[in-house]
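What follows draws every value from the coordinates through simple rules; no lab data is involved. The structure displayed is predicted, hence computed values, not measured ones. Neighbour counts are summed over all protein chains in view; Cβ atoms, including those assigned to glycine, are modelled from backbone coordinates with ideal geometry.
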Amino acid sequence: MNFKTFRAASALIGLALVSHARSADLVLPRDGWASWQVEAVEGAPDWCCWSSWDNREGSRTACRLDDRGNSATHDRTTIDAMRVYARVAAGNVERVRVLSASCPVASDTPVHDIGNVATDDSARWLLTLVSRAGEVAKHDDLGETALAALATHRGDVAQNALVAMARDDGRAESRKKAVFWLAQMRGVAGAEVATSVMFNDKDADVRKHGAFAITQSRSNTIARDLTKLGNTDKDADVRAQAWFWLAQAGTAGAEEAIGGALRKDADDHVREQAIFALSQLPGERATVALVQVAEDRSLSREQRKRAVFWLAQSQAEGAQKYLEKVLAANGSR
């Protein structure tokens, strides 16, 4: 990315800030960890570290701030406050983490609580990190963690910045990241923006990423929107991805929509991927849908063989019984 493109992207982020914005500077120590608490976006998940991936409830463990391999995940509990952690060395911010305010932490050096910080001021400070990180490739990780932290902040400063990045940033990767966090963290309003980008972005990779992102969102129209994308996008890969994520979402009527693409889409790749998508339906729904394809003599021999192939990859009881039936029938001839 050249300097002119970076400056243009940074300016677009800046447009998201209100005109009376105060300084984004925070008073941080010259060295070591600093932290402060902010209001979490509505519905924010409980981000912490857990002693068990299988049963997180009641199994919290301290997140080690200095250990990059000690990643945080979340359970279904929602919280109303987050805590931002920033590690500073010789006055330069080297790392940012965000965790639930109640999540225990451990570090090699004391963590300095800098006191009250307005949520919007914290969001503005994080925006400066996102912008600066884009200047130097080695700071990509800092920019990504700052963006994730920004997404957890309540209020219009964070929301407007993410929306501006998702719609107008000149870098496709930046738009993809913003779309993901809007869908993940910003409720129905964020999902609506992510869906709009999914339909309208000029880059097919961004539109494909949008199809994934909205399945992680609180959108009430996931099935409708993915079906529309699968039926209308000009790019075959985007249409194929729409059917895959529709199957993954497991919404009612997914079989019919994907089956329609199998029979109507003009692109061979999309039709092949539609059969694979059917194999991704939950439980025995995948078996029923694939058996219907295997038995449909209006379809090509290759398509029916592909359905049998995916049935053979399944561990579902119904799939195994169908294959045994086919083998028995062929053996009797």
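Compute the FRET efficiency between Val288 and Arg171 as 1/(1 + (r/R0)^6), taking r as their Cβ-Cβ distance and R0 = 30 Å, and round to the nearest 0.05.
The formula returns an efficiency of 0.10 here.
Extension gain Ala118-Glu324, at 0.36 nm per residue separation less the Cα-Cα distance, in nm? Show your work: numbers first, answer last.
Numbers: separation 206, 0.36 × 206 = 74.16 nm, distance 6.51 nm.
That pair, Ala118 and Glu324, stretches by 67.7 nm at full extension.
Using the Kirkwood radius over C-alpha pairs as Rh, can you work out the diffusion coefficient of the chain via Stokes-Einstein at 25 °C, viscosity 0.890 mPa s, in µm² per second? Intermediate results must be reported in sequence, preceding the final value.
On the way: Rh = 22.2 Å.
Here the translational diffusion coefficient equals 111 µm²/s.
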### Query
Under a 5 Å amide H to amide H cut-off, with H placed in plane at 1.01 Å, what residues pair with Thr78 once short-range neighbours are removed?
none
### Message
Bin width 5 Å, origin at 0, all Cα-Cα pairs of the stretch 176-228: what percent of pairs per bin?
### Response
5, 28, 38, 23, 7
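Divide the volume of the convex hull of the Cα atoms of the stretch 140-207 by its number of residues and quote the answer in cubic angstrom per residue. It would help to have the intermediate numbers written out before the result.
On the way: hull volume 5.0 nm³, N = 68.
Residue-normalised Cα hull volume stands at 73 Å³.
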### Message
What are the ³J(HN,Hα) couplings of the stretch 199-214, residue after residue, when phi is run through the Karplus curve with 6.51, -1.76, 1.60 and θ = phi - 60°? Round to Hz, x for glycine and proline.
### Response
8, 10, 5, 6, 9, 4, 5, 5, 5, 4, 5, x, 4, 5, 4, 5
### Query
Going 7 Å from the Cα of Glu272 in the Cα-to-Cβ direction, what parts of the stretch 228-264 have a backbone nitrogen less than 13 Å from that spot?
237
### Query
How far, in nm, would the chain grow between Glu94 and Arg263 when pulled straight, counting 0.36 nm per residue and subtracting the alpha carbon separation?
55.5 nm
### Query
For the stretch 166-174, in order, what is each residue's ³J(HN,Hα) by Karplus, 6.51 cos²θ - 1.76 cosθ + 1.60 with θ = phi - 60°, in whole Hz (x at glycine and Pro)?
5, 8, 10, 4, x, 9, 4, 4, 5
### Query
Computed on alpha carbon atoms, what radius of gyration and Dmax characterise the stretch 175-333, expressed in Å?
17.1, 60
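Is there a pair in Lys177/Lys228; Lys202/Lys305; Lys202/Lys228; Lys208/Lys264; Lys202/Lys264 whose C-alpha atoms are over 28 Å apart, and which pairs would that be? Present the calculation step by step, with values, prior to reporting the outcome.
Working: Lys177/Lys228 23 Å; Lys202/Lys305 36 Å; Lys202/Lys228 17 Å; Lys208/Lys264 21 Å; Lys202/Lys264 25 Å.
Those over the limit are Lys202/Lys305.
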### Message
With bins 5 Å wide starting at 0, give me the P(r) of the stretch 79-126 over every alpha carbon pair, in whole percents.
### Response
5, 14, 30, 30, 16, 5, 1
### the stretch 245-333: Cα Rg divided by the 2.2 N^0.38 Å rule of thumb
1.05
### Task
Using only alpha carbon pairs under 8 Å that are at least six residues apart, calculate the relative contact order of the stretch 27-113 and give it in whole percent.
43
### Task
Let me have the relative contact order for the chain, percent, based on Cα pairs under 8 Å that are six or more residues apart.
13
#### Entry: Of Asp296, Asp141, Asp156, the one that fluctuates the most in a GNM where the chain has Cα springs shorter than 10 Å
Asp296
